[in-house]
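The values are calculated or read from the model by the stated rules, or taken from the named source; none is laboratory data. In this text, all values refer to a predicted model and were calculated from it rather than measured experimentally. Neighbour counts are summed over all protein chains in view; Cβ atoms, including those assigned to glycine, are modelled from backbone coordinates with ideal geometry.
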Amino acid sequence: MSAETLVDELATRIAADRDSVPAHWRVEPQAAARAIREIHDLARARNAILLAHNYQLPEVQEAADFVGDSLGLALEARKTTADVIVFCGVHFMAESASILNPGKRVLLPNLSAGCALADSITPESLLQWKARYPDHAVVTYINSSAEVKALSDICCTSANAVSVVRSLPTDKILFTPDRNLGNWVAKQVPEKEIVVYDGACPTHDVLRGASVEKTRAEHPDAVIIAHPECREDILAIADEVCSTSGMIAAVGRHPEARTFLIATEWALIHQLKTRYPDRTFIPADGCIGCRLHCPYMKAIDLGMVRRALVEDVFEITVDPEDAALARRALERMMAVPRDR
Ligand code: 13P
Ligand code: SF4
């Protein structure tokens, strides 16, 4: 395939879901496609792999070698033989990559790409909760710092939280830090006593059932697919509750449905539209990109990815003692299969 055909193909893919990209975030597809070609050349020269989360900007997703949810990205980071991992996601994801594959150089293109949910728990606050519940096994969502993981018995992601909790020999669980995911898991596993920490993701927690109902009234046949970081009233009316990659798979379980309301960060629609071009995907808040927007996931653009490769920035490292303990919690999690 000629270089120009490749650029045209990339540009078409970037433009595929243009209508669902908030105006401020739209790029010129041909220019972005040429930037991606340059990034690929730079990555090849450094034997680097580009990993991107499903919430990254559409053009960053198109630049990546692999796009997925937190669990998929962690598995990919663990098995890569590349010398350098350029992580297009948020800080805790890059940290997990470094923990799982310690020999690799992990670069996060923008150090501002944090996670408000991960910041809602500190090692000190987890120690206080552990002191209050000394008999409880600590299950910590991957959206957390390496220090918090190091104090936990096992990690989970939104793709395997129920299976992780079920897999534990104890019936007493302290689930941290996301209260919406924790409460949802508690409903799926009523036989266990699950104490839930009080953290939340502001991007998801801001959405209300009333907004989703309003959008549904305009699309009465739509299937509602929600991320478990959404509040209880959303999860109660959702037809499917799953991780970001699980949401993509869920569309395939509704072959007759034409329209889907998506209760998660707007950029997932790029993956959905690429895989199911004949379906309609509507942000569940009926307000494109206004509410379901993660500023941290949008802190990385193609210019920053290019800079990461050229200037070798910003390396993510983890204290070796924390890394060893956090690795144990992550590896335990990875031995558990996805919820479905
Ligand atoms: P997933 O693991 O489902 O991709 O979710 C990560 C995340 O940060 C959701 O807000
Ligand atoms: Fe963190 Fe929420 Fe952004 Fe996910 S959407 S990275 S949980 S702030």
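Considering only the range 201-249, how many residues are crowded, with 21+ Cβ neighbours inside 10 Å, among the hydrophobic types (A, V, I, L, M, F, W, C) and within 16 Å of ligand 1 (Cβ to nearest atom)?
12
From ASP221, ASP301, ASP198, ASP278, which residue is assigned by TED's automatic domain parsing to the domain that holds ALA43 and of a type in the set (Asp, Glu)? Outline the logic, then answer.
Working: ASP221 fails: assigned by TED's automatic domain parsing to the domain that holds ALA43; ASP198 fails: assigned by TED's automatic domain parsing to the domain that holds ALA43; ASP278 fails: assigned by TED's automatic domain parsing to the domain that holds ALA43.
The match here is ASP301.
Look at the range 119-170 and say how many of its residues are among the hydrophobic types (A, V, I, L, M, F, W, C), free of Cβ contacts under 8 Å to residues at least 40 places away in the same chain and part of a helix (DSSP H, G or I).
4
Considering only the range 99-109, I want to know if a residue exists there that is surrounded by 23 or more Cβ atoms within 10 Å (Cβ to Cβ), part of a loop (DSSP other than H, G, I, E, B) and under 20 Å from the mean Cα position of the chain (by Cα).
Yes, the range 99-109 contains a residue that is surrounded by 23 or more Cβ atoms within 10 Å (Cβ to Cβ), part of a loop (DSSP other than H, G, I, E, B) and under 20 Å from the mean Cα position of the chain (by Cα).
For the range 162-183, which residues satisfy the criterion of being more than 16 Å from ligand 2 (Cβ to nearest atom) and within 21 Å of the chain's Cα centre (by Cα)? Break it down into steps so the answer makes sense when it comes.
Going through the range 162-183, the residues more than 16 Å from ligand 2 (Cβ to nearest atom) turn out to be 162-174.
VAL162, SER163, VAL164, VAL165 - these are the residues of the range 162-183 that are more than 16 Å from ligand 2 (Cβ to nearest atom) and within 21 Å of the chain's Cα centre (by Cα).
Could you please let me know if ARG78 is in the same structural domain as ILE99 (by TED's automatic domain parsing), surrounded by fewer than 21 Cβ atoms within 10 Å (Cβ to Cβ), in a helix (DSSP H, G or I) and within 16 Å of ligand 1 (Cβ to nearest atom)? Lay out the reasoning, then the answer.
Values: in the same structural domain as ILE99 (by TED's automatic domain parsing): yes; surrounded by fewer than 21 Cβ atoms within 10 Å (Cβ to Cβ): yes; in a helix (DSSP H, G or I): yes; within 16 Å of ligand 1 (Cβ to nearest atom): yes.
The answer is yes for ARG78.
Give me the helices (runs of 4 or more DSSP H) completely within the range 184-243, filtered to those with at least 3 residues that are within 16 Å of ligand 2 (Cβ to nearest atom), ordered by residue number. I'd like the intermediate steps shown before the answer.
Values: elements: 202-205, 209-218, 232-237.
Qualifying helices (runs of 4 or more DSSP H): 202-205.
Pairs, please: C-beta under 6 Å, at least 6 apart or cross-chain, first residue within 19 Å of SER20 (Cα to Cα) and in the range 291-311, second away from ligand 1 (no atom under 13 Å from the Cβ) and modelled with pLDDT under 95?
What qualifies is ARG291/ASP285; LEU292/PRO283; LEU292/ASP285.
Looking at (1) under 18 Å from HIS53 (Cβ atoms); (2) away from ligand 1 (no atom under 14 Å from the Cβ), which one does GLY114 not meet, given that it meets all the others?
Condition not satisfied by GLY114: (2).
Quick one: count up the residues across the range 65-79 that are among the aromatic types (Phe, Trp, Tyr) and within 16 Å of ligand 2 (Cβ to nearest atom).
We begin by selecting, within the range 65-79, every residue among the aromatic types (Phe, Trp, Tyr); these are 66.
Narrowing the set further to residues that are within 16 Å of ligand 2 (Cβ to nearest atom) leaves none.
Final tally of qualifying residues: 0.
Considering only residues of the range 173-187 that are closer than 18 Å to PRO123 by Cα and β-branched (Val, Ile, Thr), which is surrounded by the fewest Cβ atoms within 10 Å (Cβ to Cβ)?
ILE173
Quick check on my filter: what residues within the range 75-110 are in contact with a Ser or Thr (Cβ under 8 Å, 6 or more places away or on another chain) and more than 22 Å from ILE300 (Cα to Cα)?
ASN101
How many residues are more than 26 Å from ILE300 (Cβ to Cβ), part of a strand (DSSP E or B) and either β-branched (Val, Ile, Thr) or touching a residue at least 40 places away in the same chain (Cβ under 8 Å) (or both) if we restrict to the range 255-286?
Total satisfying the criteria: 3.
Would the range 63-73 turn up any residue that is aliphatic (A, V, I, L, M), more than 16 Å from ligand 1 (Cβ to nearest atom) and buried (at least 23 other Cβ atoms within 10 Å of the Cβ)? Don't jump to the end; show me each part of the working.
Here is the first cut: in the range 63-73, the residues aliphatic (A, V, I, L, M) are 63-64, 67, 71, 73.
So of that shortlist, the ones also more than 16 Å from ligand 1 (Cβ to nearest atom) come out as 63.
Filter once more, so that each one left must be buried (at least 23 other Cβ atoms within 10 Å of the Cβ): 63.
Yes: one or more hits.
For the range 287-316, give me each residue that is of a type in the set (D, E, K, R), within 23 Å of CYS115 (Cα to Cα) and part of a helix (DSSP H, G or I). Outline the logic, then answer.
Of the residues in the range 287-316, the ones of a type in the set (D, E, K, R) are 291, 298, 301, 306-307, 311-312, 315.
Keeping just the survivors that are within 23 Å of CYS115 (Cα to Cα) gives 291, 298, 301, 306-307, 312, 315.
Listed by number, the residues that qualify are LYS298, ARG306, ARG307.
Tell me which residues, restricted to the range 278-304, are at pLDDT below 95 and either within 13 Å of ligand 1 (Cβ to nearest atom) or surrounded by fewer than 20 Cβ atoms within 10 Å (Cβ to Cβ) (or both).
ILE282, GLY286, CYS287, ILE288, GLY289, CYS290, ARG291, LEU292, HIS293, listed by residue number.
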